[in-house]
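Asker: Supplied in C-alpha cells, the structure appears directly below.
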Amino acid sequence: MFQKILIANRGEIALRVICACKELGIRTVAVYSEADRHSLHARFADEAVCIGPAKSSRSYLDIPAVISAAEITNADAVHPGYGFLSENADFAEVCETSSLTFIGPTPAVIRKMGSKQDARTAMAEAGVPILPGSQGILQDVEDALEVAEKIGYPVMIKASAGGGGRGMRMVRNADELPHLLAQAEAEASAAFTCGDLYMEKLVENPRHIEFQVLADNYGHVEILGERECSIQRRHQKLIEESPSVAVTRELRQRISESLRVALKAVGYTNAGTVEFLMDDQGNLHFIEVNARIQVEHPVTEMVTGVDLVKAQIRIAAGERLENILPWAPGAEMTLRGHAIECRINAEHPETLVPSPGRITGFNLPGGAGIRVDTAAHHDGIIPPYYDSLVAKLIAYGGDRAEAIARMKRALDMFVVEGIYTSIPLHQKILEHPDFVAGKIDTGFLLRTGILAEKK
Amino acid sequence: MTNQEIKELLKIFNESDVAEMEVQRGNNRLRLRRAEAVKEMVVPATGHAGAAAPHAAANPKASTEPAAAAPPSTDVLVKSPIVGTFYEASSPEAAPFVKVGDRVEPGQVLCIIESMKLMNEIEADVGGVITAQLTENGRPVEYGEALFSIRPR
C-alpha cells in the first residue's frame, strides 16, 4: 500500500481524496495555488506545497510543478481527482516515468477513451448500443451529406478530440449542413488543434444515464449500477440520482454485461463512467467514457455501500476487486435505497452569473440520510479562478420519495451568506411535479420554464 | 453603476493587495485608493506587472506608490518561480554562485532550482547587494518561497 499520496487537485474532491487516504492510514500531500493558500484541502493534508499563482495553467495544470511537488515530498502515488489533469494521458505517462503511481487507468487507455471515435468503435465491437452515426471521421461535405441521409435528420456533428460542447453543431436538414460542418471544423481546430469530425443521430431531449465502472489490474471489471443526470443546463449537471427510474433491472443487467465485455477488451483499469443517452423509447445509446472518478460519485456510494475513492487507491496499489467489493464477483449487484445529489454552485439562482466571494454565514444541514461534500466554510473564499462548486449535497432514503423529502428539508436548512448560490434553483426543481414523478430529461429546465434560455 | 456593483467592487478591492484601482463603466467612473501607508511593491526589472488584477473590473489600473518609510526593510525578495530543490552552486564541488555581501547585476545567476531532473538557473531581477540567503543548500522550495534578499542599488 502507498505511504504517501499527492492529490493533484483542489476544493471538495481534494478533501474527498484526503478523507479516503486518512481512513487507509496513508499520508497526504496537497498542492495549492496562491489563491488557495488558506483552503481546507491545504490545511487538512499532512503536507502542502504551493505550486504556482492563481491561474490554473500555471498551477493545477502545470505538470512540472505538480511532479516537482511529488518529488520534493517523496510521494509514491498521485490522485488526479476530476477535471484538471485527470484525463491527461501525458500527465499519467510523466507520473510513470517519475516512478509515481497514477491512480487511474493507464495512459494508453486514457488516450483511447479520450478519442470519441476510438471509444465508439470499441463499444460497438462489444455489442454496446451506440448512436447511429458515421463510421469514423467525416471525409468531406459529400460524405457528411451521405451519412446524414442514412441516419436521418436531425444529426449532431461532433469533434473527435472534443468536449465541453465545442466543435459541436446540430443540423436539422441538408441545406444547413455544409456551412455548419465548416464552422464545427474551424472551432475544433482552434480548440483542440484537430479538426476531425464525426456525426451522430441527434436524440432530442434525451435522459442522461451513466454507469459506474470499477476494474482491477487483473482483468476483472464490475459495473456498479447507473446514475441519472438529466437535470442539466448547457451540458452542466445540476442534480444526479441513483438508481434511475427509467432503467429496469433487465436493462441494467443487459447493459452491465456488454460493458463488462467492452471494458475488459480495452484493458480498462481503476474507476470510470460510461455515459449514455436514452431516447423516448427507452433505448440506451453510448456517447462517451470518462476515464476518471466523477463529481457525482457519492450517489453510487450511497446505494452500493462501496467507497469508490478508497477502491481507486486500493486497485492502484494492486488489490483484487473481489477483496474490495462486498459481493461475490459476477454475482448480481443490487442497489439499495435511493440517493440524490444537488450541486450547490456559487451563482445567482436565476441568472446563473457566477458569484465568487467571501462566505460570511454558513450552516450545513445534517441529520438522517444527509451527506455534504464541501471545502467551503465560514469566512472561506470562493475564488473566481476555478469552478463555482461550493458543495455537493447528497440525500439518501429508503426510496426516491424519502430521498426527495430529505433533500428538500436539507436544502431548507443549508445556509450560505455572502455569496449567491443555486440553492433556490434546486428547491424549485425538487418541488416540481414532473421531477417528483420522474418525468425528467435534459430539456427539463427549459421545458418547465424554471430557467429561461439566454438570448 | 448600481450600488450593488459598487459594493462588489469595494469587496474585491478590499480583499486584494492592490493600492489603487479605477473602473470605468459607461459614463460612470469609480476610483479607489488605500488610505494607509502602502507596503513597498516589488516591480521586477523585466517590467512584468505582478499584481493579479481584480477579475470583475472592466478597466482596472493598479498603480504602485513609492516605498513608505516603514519598519520592514527596503530589501527586495528573490522568490522561487518554480517548485523544486534549491542548490547554491552548479555542482557539489563548485563554489556557490553568490554569497551574502556580493554585488549582483540584473540577470546574474543566483542559484539553481532543480525540477524533474532539470537544472533551472534563477536570475536576479534587480541589481544590488545580497543581504541574506533565506534557504539552505539542498532544501525543497515551493512556488513563491523567498530565496535571497537583495538591497537594490
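Asker: Please determine, by comparing only the residues of region B:104-121 that are away from chain A (no Cβ under 14 Å) and under 22 Å from A:ALA70 (Cα atoms), which one is surrounded by the most Cβ atoms within 10 Å (Cβ to Cβ). Show your work before the answer.
Answerer: Initially, region B:104-121 is screened for residues away from chain A (no Cβ under 14 Å), giving B:104-111, B:121.
Subset that is under 22 Å from A:ALA70 (Cα atoms): B:111, B:121.
Working: B:CYS111: 25, B:GLU121: 12.
Step by step, filter region B:104-121, then rank; the result is B:CYS111.
Asker: crowded, with 18+ Cβ neighbours inside 10 Å, closer than 28 Å to A:MET302 by Cβ and in the same structural domain as A:ILE429 (by TED's automatic domain parsing): is that true of A:GLN212 in this structure?
Answerer: Against the criterion (crowded, with 18+ Cβ neighbours inside 10 Å, closer than 28 Å to A:MET302 by Cβ and in the same structural domain as A:ILE429 (by TED's automatic domain parsing)), A:GLN212 qualifies.
Asker: Further, regarding this structure: A:GLU125 fails exactly one of the following numbered conditions: (1) buried (at least 22 other Cβ atoms within 10 Å of the Cβ); (2) more than 21 Å from the chain's Cα centre (by Cα). What is the number of that condition?
Answerer: (1)
Asker: Residues that are assigned to a strand (DSSP E or B) and touching a residue at least 12 places away in the same chain (Cβ under 8 Å): does region A:294-313 have at least one? It would help to see each step written out before you state the result.
Answerer: Residues of region A:294-313 assigned to a strand (DSSP E or B): none.
Within region A:294-313, none of the residues are assigned to a strand (DSSP E or B) and touching a residue at least 12 places away in the same chain (Cβ under 8 Å).
Asker: Condition check: under 19 Å from A:TYR218 (Cα atoms), at pLDDT below 95 and surrounded by fewer than 22 Cβ atoms within 10 Å (Cβ to Cβ). Does A:PRO329 satisfy that?
Answerer: Values: under 19 Å from A:TYR218 (Cα atoms): yes; at pLDDT below 95: yes; surrounded by fewer than 22 Cβ atoms within 10 Å (Cβ to Cβ): yes.
So A:PRO329 fits the description; yes.
Asker: Can you name the number of the only condition in (1) in contact with a helix residue (DSSP H, G or I) (Cβ under 9 Å, 6 or more places away or on another chain); (2) β-branched (Val, Ile, Thr); (3) part of a loop (DSSP other than H, G, I, E, B) that A:THR351 fails?
Answerer: Unmet condition: (1).
Asker: Scan region B:131-142 and report the pairs whose first residue is more than 13 Å from chain A (Cβ to nearest Cβ) and whose second residue is surrounded by 14 or more Cβ atoms within 10 Å (Cβ to Cβ) and hydrophobic (A, V, I, L, M, F, W, C), with Cβ atoms within less than 7 Å and a gap of 6+ or a chain change.
Answerer: Close Cβ pairs (under 7 Å, with a partner that is surrounded by 14 or more Cβ atoms within 10 Å (Cβ to Cβ) and hydrophobic (A, V, I, L, M, F, W, C)) amount to B:THR131/B:ILE150; B:ALA132/B:PHE148; B:GLN133/B:PHE148; B:LEU134/B:ALA146; B:LEU134/B:LEU147; B:LEU134/B:PHE148; B:ASN137/B:PHE86.
Asker: Taking region A:354-383, which residues are in contact with a Lys or Arg (Cβ under 8 Å, 6 or more places away or on another chain) and assigned to a loop (DSSP other than H, G, I, E, B)?
Answerer: Matches in region A:354-383: A:PRO365, A:GLY367, A:ALA368, A:GLY369, A:ALA375, A:ASP379, A:GLY380.
Asker: Please note which helices (runs of 4 or more DSSP H) are completely contained in region A:11-111 and include at least 1 residues that are facing chain B (nearest Cβ under 9 Å), out of contact with any helix residue (DSSP H, G or I) (no Cβ under 9 Å at 6 or more places or on another chain) and among the β-branched types (Val, Ile, Thr).
Answerer: Working: elements: A:11-24, A:40-44, A:63-73, A:89-97.
Because the criterion is at least 1 residues that are facing chain B (nearest Cβ under 9 Å), out of contact with any helix residue (DSSP H, G or I) (no Cβ under 9 Å at 6 or more places or on another chain) and among the β-branched types (Val, Ile, Thr), the helices (runs of 4 or more DSSP H) in region A:11-111 that meet it are A:63-73.
Asker: Right, something else. Tell me which residues, restricted to region A:172-219, are touching a helix residue (DSSP H, G or I) at 6+ places or on another chain (Cβ under 7 Å) and aliphatic (A, V, I, L, M).
Answerer: A:ALA174, A:LEU177, A:LEU181, A:LEU197, A:MET199, A:VAL213, A:LEU214, A:ALA215
Asker: Here's a follow-up. Look at A:GLN312 and say whether it is buried (at least 20 other Cβ atoms within 10 Å of the Cβ), within 22 Å of A:ILE255 (Cβ to Cβ) and not assigned by TED's automatic domain parsing to the domain that holds A:ARG16.
Answerer: The answer is no for A:GLN312.
The values are calculated or read from the model by the stated rules, or taken from the named source; none is laboratory data. Just so it is clear, the structure is predicted and the values come from calculations on it, not from any experiment. Quick reminder, even Gly has a Cβ in these numbers, built from the backbone with ideal geometry, and neighbours come from all protein chains shown.
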